[in-house]
1. Does any residue of segment 192-211 turn out to be part of a loop (DSSP other than H, G, I, E, B) and over 20 Å from Ile5 (Cα atoms)?
2. Failed condition for Ser214, given (1) part of a helix (DSSP H, G or I); (2) under 16 Å from Val128 (Cα atoms); (3) of a type outside the set (D, E, K, R), with all others met?
3. Scan segment 58-80 and give yes if some residue there is part of a helix (DSSP H, G or I), modelled with pLDDT of 95 or more and open to solvent by less than 40 Å² (accessible area, probe 1.4 Å), otherwise no.
4. Of the residues that sit in segment 83-97 and are in a helix (DSSP H, G or I) and open to solvent by 50 Å² or more (accessible area, probe 1.4 Å), which one is nearest to the ligand (Cβ to nearest atom)?
5. Could you say which residue among Ala161, Ala157, Ala241 is more than 16 Å from the ligand (Cβ to nearest atom), more than 19 Å from Ser97 (Cα to Cα), more than 17 Å from the chain's Cα centre (by Cα) and among the hydrophobic types (A, V, I, L, M, F, W, C)?
6. Mind checking whether some residue in segment 22-43 is surrounded by 19 or more Cβ atoms within 10 Å (Cβ to Cβ), in contact with a Phe, Trp or Tyr (Cβ under 7 Å, 6 or more places away or on another chain) and in a helix (DSSP H, G or I)?
7. Name the residues in segment 166-175 that are open to solvent by less than 50 Å² (accessible area, probe 1.4 Å) and either basic (Lys, Arg) or within 9 Å of the ligand (Cβ to nearest atom) (or both), would you?
8. What number of residues within segment 115-165 satisfy the criterion of being open to solvent by 10 Å² or more (accessible area, probe 1.4 Å), within 17 Å of Glu105 (Cβ to Cβ) and either assigned to a helix (DSSP H, G or I) or free of Cβ contacts under 8 Å to residues at least 24 places away in the same chain (or both)?
Amino acid sequence: MRQKIVAGNWKMNTTVPEGVQLAKDVVAAAAAVPADVKLIVATPFTHLCPVAEVVKGTRVSLSAENCADKEKGAYTGEVSAAMLASAGCEYTILGHSERRQYYGETDAKLVEKVKLALANGLKVILCVGENLDEREAGKHFDVCEAQIKNVLYNFSAEEMASIVIAYEPVWAIGTGKTATAEQAQEIHAFIRKVVADKFGAEVAEQTSILYGGSCKPSNAHELFAQKDIDGGLIGGASLKAEDFIGIALGY
Ligand code: 13P
């Protein structure tokens, strides 16, 4: 059985006290969610240590939103995978489309980041997905395939056990436009096949593939009911504990 996951990506939102309160609210509401659904909050770097204290000993796991592509040293402003692990992170998101679009995140850099994250005992949520032009040109399969091959094909079947894939069509992020359940299922099944081509059917069957992009309590159930959708990576709706937990109740 694949791990079901609902992860909140807070992005660059909330002050530290607001984030601590949000984490407390998520922990308080989490009991309603079936025990086989893993809940994760991915917070800004500044929030990780205090939120780690809030989620310690609860069913909620902590994630970062990014990490450096270098191990340590003179890289002003960067945060290393070792720092994240020591702050209490279990996961880090990598390759989010906002980082690819605004901060020059390349697949080559992502290979380094994934390596360092895994070497420091972190699990990775690797984001892939096409933009609107690519979707309209019918290139979405090629784009996702290339992103997965360029990054994940550098790792081993054993390492894949620590990697979650998040399919996030850029045109659905923060736009209120969700991929239909059919569109999402189609590409999730394709992504699983790309994983199977390299690592075999067994690894592909074990790999959790999350959907992200305008996921909300009203559409989560239909999305999560699809055979190859193993949960969600939630942006805007993760900023309210009630909505975030409402989405997780979609299982
Ligand atoms: P929204 O849920 O706000 O569309 O964001 C999705 C996302 O980018 C999660 O990483």
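The values are calculated or read from the model by the stated rules, or taken from the named source; none is laboratory data. Worth saying up front: this structure is predicted, and the values here are computed from it rather than measured. Glycine gets a Cβ as well: all are built from the backbone with ideal geometry, and neighbour counts include every protein chain shown. Heavy atoms of the whole protein, side chains included, go into the accessibility calculation; ligands, DNA and RNA do not. Shrake-Rupley method; radii C 1.70, N 1.55, O 1.52, S 1.80 Å.
1. yes
2. (1)
3. no
4. Here is the first cut: in segment 83-97, the residues in a helix (DSSP H, G or I) are 83-86, 97.
Cutting the leftovers down to open to solvent by 50 Å² or more (accessible area, probe 1.4 Å) gives us 83, 86.
Details: Met83: 22, Ser86: 24 Å.
Going through the qualifying residues, I end up with Met83.
5. Values: Ala161 fails: more than 17 Å from the chain's Cα centre (by Cα); Ala241 fails: more than 16 Å from the ligand (Cβ to nearest atom).
Step by step, each of Ala161, Ala157, Ala241 is checked, and only Ala157 is more than 16 Å from the ligand (Cβ to nearest atom), more than 19 Å from Ser97 (Cα to Cα), more than 17 Å from the chain's Cα centre (by Cα) and among the hydrophobic types (A, V, I, L, M, F, W, C).
6. Yes, segment 22-43 contains a residue that is surrounded by 19 or more Cβ atoms within 10 Å (Cβ to Cβ), in contact with a Phe, Trp or Tyr (Cβ under 7 Å, 6 or more places away or on another chain) and in a helix (DSSP H, G or I).
7. Step one: list which residues in segment 166-175 are open to solvent by less than 50 Å² (accessible area, probe 1.4 Å), which gives 166-173.
Result: Ala166, Glu168, Val170, Ala172, Ile173.
8. Residues in segment 115-165 being open to solvent by 10 Å² or more (accessible area, probe 1.4 Å), within 17 Å of Glu105 (Cβ to Cβ) and either assigned to a helix (DSSP H, G or I) or free of Cβ contacts under 8 Å to residues at least 24 places away in the same chain (or both): 8 in total.
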